[in-house]
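The values are calculated or read from the model by the stated rules, or taken from the named source; none is laboratory data. Remember, it's a predicted structure, so these values are computed and weren't measured experimentally. All Cβ positions, glycine included, derive from the backbone under ideal geometry; neighbour counts span all protein chains shown. The accessibility values were calculated without ligands, DNA or RNA, using every heavy atom of the protein model including side chains. Shrake-Rupley method; radii C 1.70, N 1.55, O 1.52, S 1.80 Å.
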Amino acid sequence: MNDMFSFPLQEMLGFTIEKSDGTATASLIADERHLNPHGMLHGGIPFTMLDTAMGAAVMSVVPEGFWCTTLDIHTRFLRPCGLGEVTATATVRRAGRRVVHVDAVVTDAEGREVVSAAGTFAVIEIPS
């Protein structure tokens, strides 16, 4: 299993992703390009990090020859976040053959929870 991967959106936003058995972490040093007009981290940034970390956590538990896709993610934005380190950590709660449930949290540089999330992912066989 390759613990690290990359894709264009991730590269553009500037975050890294690492995965292991049932967990994944996306990390970012937020700078001015990540802020909304009010000077706070734009909500799309932690959401993208959550979705990516959750998908990576799911892919760490599905068999070879399968993909996953997001069915839904429920997010709760708990507090504003500014510049600095932002980390999204995802953990598989339950992995079935066709559906995987995942929990995740985004923390700021001080370790405070910024966003919490719960997601459901479909497991799909790769077409041959």
I want to make sure I understand the PRE zone here: with the label point 7 angstrom from the Cα of PHE7 toward its beta carbon, which residues in the stretch 43-57 have backbone N atoms less than 18 Å away? 44-57
Accessible area per residue for the chain in Å², computed with a 1.4 Å probe and the full protein assembly in place, what is it? 57 Å²
At 222 nm, what value in deg cm²/dmol follows for the chain if DSSP H runs of at least 4 each add -39500 (n - 2.57) and the sum is divided by all its residues, to the nearest 500? -5000 deg cm²/dmol
Sort 84-90, 105-111 for me by packing, meaning the mean count of neighbouring Cβ atoms within 10 Å per residue, highest on top. 84-90, 105-111
Hey, if you put +1 on the Cβ of every Lys and Arg and -1 on every Asp and Glu Cβ in the chain, which of VAL99, ALA57, LEU41 ends up farthest toward the positive end of that dipole? VAL99
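Exposed loop trypsin sites (Lys or Arg not before Pro) only (DSSP loop, at most 16 other Cβ atoms within 10 Å): please give the longest stretch of the chain free of them, not including the sites.
Working: sites that count: ARG97, ARG98, ARG112.
It works out to 1-96.
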Computed Kirkwood radius, in angstrom, where 1/r is averaged over Cα pairs of the chain: 14.7 Å
Note on the stretch 66-128: the mean projected area of its alpha-carbon convex hull, in nm², is 5.1 nm²
With label points built 7 Å along Cα→Cβ from the Cα atoms of ASP31 and SER128, find their separation and express it in nm. 4.8 nm
Pull up all non-local amide H partners of VAL115: gap of 5 or more, or a different chain, and H-to-H distance under 5 Å with H placed in the peptide plane. LEU78, VAL106
Would you please give the residues with an amide H less than 5 Å from that of VAL61, counting only those at least 5 places away or on a separate chain, with H modeled from the backbone geometry? GLY22
Simple Cβ-charge dipole of the chain, Lys/Arg +1 and Asp/Glu -1, about Cα centre, in debye nearest 20: 440 debye
Qualifying chymotrypsin sites (Phe, Trp or Tyr not before Pro) for the stretch 1-72 [loop in DSSP, other Cβ within 10 Å: at most 14]: PHE5
In the chain, carbon and sulfur make up what percent of the accessible area (probe 1.4 Å)? 53 percent
